[in-house]
Every structure is written in C-alpha cells, then in structure tokens.
Amino acid sequence: MNEEEFQQRLQLIREDITRACVRACRKLEDVELMGVTKKVSLETIMIACRAGLTLFGENKVQEGKLKVQDAPSLSRWHMIGHLQSNKVRDAVSFFSMIHSVDTVTLAQDINKWSERLGRRPQVLIEVNTSGEASKYGVSPAEVEALAVMINSMPRLELCGLMTMAPYCEDSERARPYFARLREIRDTLNQRLGFGLPVLSMGMSGDFPVAVEEGATLIRIGTRLFGERTY
Ligand SMILES: *Cc1c(COP(=O)(O)O)cnc(C)c1O
C-alpha cells in the first residue's frame, strides 16, 4: 500500500461517512473512524498516521502490543477483540480503551491490573445483539447488571457499548442490530442516570448503516487496508 492509494481509500470512506451523517442529520465530528490493523504492517500503519488517522484497533493483544510500542506517540490504540484473562495485564498496559468487556470476571481482572499498573482504561460492554452462538458479548438482558457492576469499579471508566452485526452481503440487514444497541444504550442512560456516549458499531461492509443508526466509533479494516491474507 502506498501513500496515494491509502489517501484515496481514506477519502472514499470519509465521503461515505459524510453522506451517512447528512442522511441521519448527524454531525460529522460525532463519528470517529478507527483503522483496524490486524495483519497490517507497521509500515502501512505509518502511512495511515501520516494521512491523519490517529485511532487504531487490534483484536489480538500480542500482535497489537508490538505495534503500539513502535507507532507514533500521538496514535491511540484500542483493544477490540475477545480478551482472555491471561492477556489482561498487557491489554491494560498498551491500550487506552477495551471494547470487549462481557463478563464481571473480566471487568474485575481489568480493574485489578489497572490498580496495580496505575492505569484507568476506558471500557465498553460488548453486546451480542444478534444472539448468534458464535459471537461474544453479553445478551441484551444482561447489559444493565454488568454496567452497574463496572460503574462501581474505581479504575474503570465505562464509556458505552460495542456490537458486531452478523455478516451479510446486504448491509441493510445489519440495521436492526445497530438500532438495538442504540436502544439499549438509551434505556440504560435513562435508568442508570450516567451517560454512555460511545456506540462502537459498523465495519467495512456496514458502516454507513451503523452511522445512520447512531454509531460514534466505526471500526474499519478491509476498506482501509485491503483484504487480509492469513
Ligand atoms: C476485523 C475487525 C473489524 C474490521 O473488519 P473489516 O470488515 O475488515 O472492516 C472490526 N471490528 C472487529 C472486532 C474486528 O475484529
């Protein structure tokens, strides 16, 4: 990937975000673009930084931590993948936000390590809005209890919710899952009286729909960096 190709890809995505904001009467500055860099080289990440992208996401702690250490210091890094308890220490050390909190035990582990390491990470609760067995995340019915627990943990800053819609060629079919996450968030805001501003939802195939439904943070890999080869 060269600078020019990356800038072109970035430009096209920004245009799509802008159009979705216009359709939904939303402000462009309320939607942040994250570059998902799994399997992406540091060289390409540097190109992305120079093009003005500052927020990156990784779904594996080990892969991410190497990049975080070498990336420009103004870049911000979020952990977006499922987190195992033996990776919590590194996740807390290297990432400023964790999108994938879905059990009380995991939240307690993150809180414990944050205390020891003197950190105060931002966290999101991952919600399984589709009910697919293959997906991580708490069920919609369990979100409130987990939110209350996390909010009582002194080292964690609960900022919002995250979801992944089922993959489908037709992105319209993802809409109900994004709408669901927003509704869950709105209900929580009312019932608990603390704000949960962040809605992390939308990927390469479905982000315009996610923006229309209220996404504040979209996680884009393939459309920014090309197909991943495993
Ligand atoms: C890989 C990944 C993405 C980005 O997916 P693309 O379809 O490549 O844009 C977003 N969120 C999570 C949690 C991921 O693992």
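Mind listing just one residue for me: the one in the range 214-226 that is touching a helix residue (DSSP H, G or I) at 6+ places or on another chain (Cβ under 7 Å), surrounded by fewer than 23 Cβ atoms within 10 Å (Cβ to Cβ) and of a type outside the set (Val, Ile, Thr) and, of those, nearest to SER41 (Cα to Cα)?
ARG223
Considering only residues that are modelled with pLDDT of 95 or more and more than 18 Å from SER130 (Cα to Cα), which ones fall in the range 192-203?
LEU196, PRO197, VAL198
Taking the criterion of being touching a strand residue (DSSP E or B) at 6+ places or on another chain (Cβ under 7 Å), over 21 Å from ARG228 (Cβ atoms) and crowded, with 20+ Cβ neighbours inside 10 Å, would at least one residue in the range 72-92 satisfy it?
yes
Out of all the residues in the range 32-52, which are aliphatic (A, V, I, L, M) and in contact with a Phe, Trp or Tyr (Cβ under 9 Å, 6 or more places away or on another chain)?
LEU33, MET34, VAL36, VAL40, ILE45, ILE47, ALA48, ALA51
Does PHE94 satisfy the criteria of being within 13 Å of the ligand (Cβ to nearest atom), at negative phi and not aliphatic (A, V, I, L, M)?
Details: within 13 Å of the ligand (Cβ to nearest atom): no; at negative phi: yes; not aliphatic (A, V, I, L, M): yes.
So PHE94 does not fit the description; no.
If a residue has to be in contact with an Asp or Glu (Cβ under 8 Å, 6 or more places away or on another chain) and more than 9 Å from the ligand (Cβ to nearest atom) to count, how many in the range 202-230 make the cut?
Counting residues in the range 202-230 that are in contact with an Asp or Glu (Cβ under 8 Å, 6 or more places away or on another chain) and more than 9 Å from the ligand (Cβ to nearest atom) gives 4.
Show the residue pairs that are 6+ apart or on different chains and have beta-carbon atoms under 6 Å apart, the first residue being within the range 170-192 and in contact (Cβ under 8 Å) with a residue 60 or more places away in the chain and surrounded by fewer than 16 Cβ atoms within 10 Å (Cβ to Cβ), the second being in a loop (DSSP other than H, G, I, E, B) and among the small types (Gly, Ala, Ser).
Correct list of pairs: empty, since none qualify.
One residue is enough: does the range 140-157 have a residue meeting the conditions within 16 Å of the ligand (Cβ to nearest atom), surrounded by fewer than 22 Cβ atoms within 10 Å (Cβ to Cβ) and within 22 Å of MET201 (Cβ to Cβ)?
No - not one qualifying residue is present in the range 140-157.
Only one residue in GLN62, GLN69 is within 22 Å of MET162 (Cα to Cα) and polar (S, T, N, Q). Which one?
Exactly one residue qualifies, and that residue is GLN62.
The values are calculated or read from the model by the stated rules, or taken from the named source; none is laboratory data. Small disclaimer: the values here were computed from a predicted structure and weren't measured. Positions of Cβ are backbone-derived with ideal geometry, glycine not excepted, and every protein chain shown enters the neighbour counts.
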